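Undergrad: Pasting a structure here, questions to come.
Where a number appears in this text, it was derived from the coordinates with a stated rule and is not lab data. Everything quoted here is computed from the prediction, not taken from an experiment. So basically every Cβ, Gly included, is an ideal-geometry build from the backbone, and we count neighbours across all protein chains shown.
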Amino acid sequence: MANDSNLLDKSADNANALNERPDFSAHANKATTAPAYFSVYDMHAYYGESYIVQGVSFTVHEGEILALLGRNGAGKTSTLRSIARIGDPEVTHGEIWLDHQPLHTMSSHEAAQSGLGLVPEDRRIIQGLTVEENLKLAQIAPPIGWSIDRIYDLFPRLGERRNQEGTTLSGGEQQMLSIARALARDIKVLLLDEPYEGLAPVIVDEIEKTLTHIKEQGMTTVIVEQNAVRALQLADRAVILDTGTIVFDGTAEEVLDNEALRAEYLAI
Ligand SMILES: Nc1ncnc2c1ncn2[C@@H]1O[C@H](COP(=O)(O)OP(=O)(O)OP(=O)(O)O)[C@@H](O)[C@H]1O
Ligand SMILES: [Mg+2]
């Protein structure tokens, strides 16, 4: 049974004065002594007047998989969109660092060029293009990541269907193509928004295996999932969002072992 010390005190978080200099060491030292590779510090974001991301902070170490969990409407997608600098929601405060680069000063294009790889929920396969053309388009501008051959080694199904139009792939294959397109660029962190959504358990197994393989190659990953149990089985650590703030930060096992926590914030 996990103790409750990982349940973050919202009032203490809010007490972080907005103008205070961020102390990354405090966050980085939470899990290990190594500095965090990817960190989000006190991020706030709005859709118009709606205050949705309400001071989100977390860190991810290089090569780690972090599960970002929470109920419907907790702000998971908004957090990923804020990190990716999409502009909607509008980020009004906060810092985002990836391998010593300040993403919070960048446009979404610059953040992508600096190694941010967002795989959105709708998968965004480009209509009218084959699997291979979708991959090649991702490599149209440097920095280029995995070669097409290496991608087909990891996703043999994509290799078999290289000349098939991407939008005619099955849901699972489209998810694979969407992840493959991110890897085709030289990314440093992979952000996945509900990669298992709508997929049969056997396909989830396949994608999980692939994500494990990608981790073994050193990738740093953030996975948002409604299927929290599956995400926790894959992840090293977890953070839980509730109404736009982080209410738990700890290991994946701690969440799996803590029934009360799961019932309160994940409804599982
Ligand atoms: N474009 C938008 N304009 C206004 N409010 C929005 C917009 N998109 C999302 N919201 C609101 O922001 C809150 C957080 O939504 P978000 O999509 O980030 O949640 P989520 O945790 O990803 O939920 P789910 O698990 O359902 O995907 C919700 O209350 C939602 O209604
Ligand atoms: Mg969402």
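Undergrad: Using a Cα distance threshold of under 25 Å, what count of lysine pairs results for the chain when pairs must be 8 or more residues apart or interchain?
TA: The number of close lysine pairs in the chain is 13.
Undergrad: Sticking with this structure for a sec: Is any residue of the range 198-239 close enough, with backbone N under 20 Å, to a label point placed 7 angstrom from the Cα of GLU259 along the Cα-Cβ axis, and if so, which?
TA: So the set is 228-230, 232-233.
Undergrad: If you don't mind, another one. Just report the Cα centroid separation between the range 155-220 and the range 83-111, whole Å.
TA: The two parts, judged by their Cα centres, are 25 Å apart.
Undergrad: Shape of the range 212-268 from its Cα gyration tensor (a ≥ b ≥ c, root eigenvalues): rounded if a/c is under 1.5, otherwise prolate when a/b > b/c, or oblate?
TA: Working: a/c = 2.17, a/b = 1.73, b/c = 1.25.
It is prolate, given that a/c is not under 1.5 and a/b is the larger ratio.
Undergrad: Starting from the Cα gyration tensor of the range 186-244, take the square roots of the eigenvalues, sort them a ≥ b ≥ c, and report rounded, prolate or oblate (rounded when a/c is under 1.5, otherwise prolate if a/b is larger than b/c, else oblate). Before the final figure, lay out each step's value.
TA: Working: a/c = 1.72, a/b = 1.07, b/c = 1.61.
Here the range 186-244 falls in the oblate category.
Undergrad: On to the next question. Would you mind calculating the gained length between ASP88 and ARG157 on full extension (0.36 nm times residue separation, minus the Cα-Cα distance), in nm to one decimal?
TA: Working: separation 69, 0.36 × 69 = 24.84 nm, distance 3.44 nm.
That works out to 21.4 nm of additional length.
Undergrad: Looking only at the chain, where both bridge partners belong to it, what percent of the DSSP beta bridges are antiparallel (to the nearest 5)? Could the numbers behind the result be given before it?
TA: Working: 26 of 43 bridges.
Of the beta bridges lying entirely in the chain, close to 60 percent run antiparallel.
Undergrad: Cβ neighbours within 10 Å, averaged per peptide: list 160-167, 138-145 in order, most packed at the top.
TA: Working: 160-167: 15.6, 138-145: 13.9.
The densest-packed peptide leads the list: 160-167, 138-145.
Undergrad: Further question on the same structure: Tell me whether the chain comes out rounded, prolate or oblate; compute the Cα gyration tensor, take square roots of the eigenvalues as a ≥ b ≥ c, and use a/c under 1.5 as the rounded threshold. Don't jump to the answer; show the numbers that get you there.
TA: Details: a/c = 1.81, a/b = 1.45, b/c = 1.25.
The shape class here is prolate.
Undergrad: Kindly provide the Kirkwood hydrodynamic radius of the range 121-186 in Å, to one decimal, from all pairs of distinct alpha carbon atoms. Please report the intermediate quantities before stating the final value.
TA: Values: mean 1/r = 0.0880 Å⁻¹.
Kirkwood radius, the range 121-186: 11.4 Å.
Undergrad: Which whole-number percent gives the relative contact order of the range 121-186, counting Cα pairs below 8 Å spaced six or more residues apart? Write down the numbers at each step before the final one.
TA: On the way: 84 pairs, mean separation 34.3, N = 66.
About 52 percent, as a whole number.
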